[in-house]
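Let me begin by presenting the structure, written as C-alpha cells, before commenting on it.
Each value in this text was obtained by applying a stated rule to the coordinates, not by laboratory testing. Keep in mind that what you see is a predicted model, and the values were worked out from it rather than measured. In this analysis, Cβ positions are derived from the backbone assuming ideal geometry, glycine residues included, and neighbour counts consider all displayed protein chains.
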Amino acid sequence: MSQPTPAAALNPYARFLAPDAASLETVLAASPSALAEIVEALGPDRISVSPAPGKWSPAQVLCHLADCELAFAFRLRQTLAEEHHVLQPFDQDRWATHYDKIPANQALAAFTAMREWNLILIRQALSTAAAKPVTHPERGSMTFLTLVETMAGHDLNHITQLKKLV
C-alpha cells in the first residue's frame, strides 16, 4: 500500500496557512483589499518596478494573481462537475509574457471580480464538497478543500512578498 502524499506536496503554500480551515474564507475574502492597500502604498512610480533582475514587478504579480484566479475558477468548477477530474497545469512564465502591457489596476480589478465569484461558489460548496477528489498531474490526488487551501496559501505568499516591497 502506498503512503499518502504529504500535505506540503499537495499544497506548496500550506506553510502560509493557519491550522484551522475556518480561516480560509477569511484569507480569501481579505486578499483583494490587502492587494489594493499594497497598490496604493507602492504608488504609480514603484508598482511596475522589478525588485531584482529576473523578478516580477508588483504589477506583474497582480497579473499573475488574476491569471491564477481564472485557473482556480476553472479547476474548482471542473472538480465539482466531474468525477475524478484531472487538473490542467499551466506554465506561469509563458502566461506572463504579456504582463508588461497590463496596468496593475486592471489586473487587480480582474482578480477582485473573479475572487468574488469564486467565493460565492466556495461558500456554497465547501461544506459538502471538501472531500471531493481531484488529481493534479504533478502533485497527485487531492481534494476540493486542497484547492481552496492552495488558493489561500498562494495569496498569502504573494501578499507577503509584496508587503516587503512597500
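Assorted remarks:
- Rounded if a/c under 1.5, otherwise prolate or oblate - region 23-165, Cα gyration tensor axes: prolate
- By the helix-only formula, in which each DSSP H run with n ≥ 4 contributes -39500 (n - 2.57) and the sum is divided by residues, the chain has a 222 nm mean residue ellipticity of -21500 deg cm²/dmol.
- 0 to 90° range, to nearest 10: angle between helix 144-165 axis and the chain longest Cα axis: 20
- A cut-off of 5 Å between modelled amide H atoms, ignoring neighbours fewer than 5 places along the same chain, links His85 with Thr135.
- For region 34-51, 3J(HN,Hα) computed residue by residue from phi via the Karplus equation (6.51, -1.76, 1.60; θ = phi - 60°) reads 4, 5, 4, 5, 5, 4, 5, 5, 6, x, x, 6, 10, 5, 9, 9, 5, x Hz, glycine and proline entered as x.
- From phi via Karplus (6.51, -1.76, 1.60), per-residue ³J(HN,Hα) for region 76-87 in Hz, x at Gly/Pro: 4, 5, 5, 4, 6, 7, 10, 7, 6, 5, 9, 5
- Cβ-defined net charge surrounding Glu138, 14 Å radius [Lys, Arg +1; Asp, Glu -1]: +1
- Qualifying chymotrypsin sites (Phe, Trp or Tyr not before Pro) for region 54-112 [loop in DSSP, other Cβ within 10 Å: at most 15]: Phe90
- Restricting region 37-139 to trypsin sites (Lys or Arg not before Pro) in coil, as DSSP defines it, with at most 13 other Cβ within 10 Å: Lys55
- Close Lys pairs in the chain (alpha-carbon distance under 30 Å; sequence gap of 8 or more, or different chains): 5.
- Table column - 3J(HN,Hα) (Hz), region 98-103, Karplus curve with 6.51, -1.76, 1.60, x for Gly and Pro: 9, 4, 4, 8, 10, x
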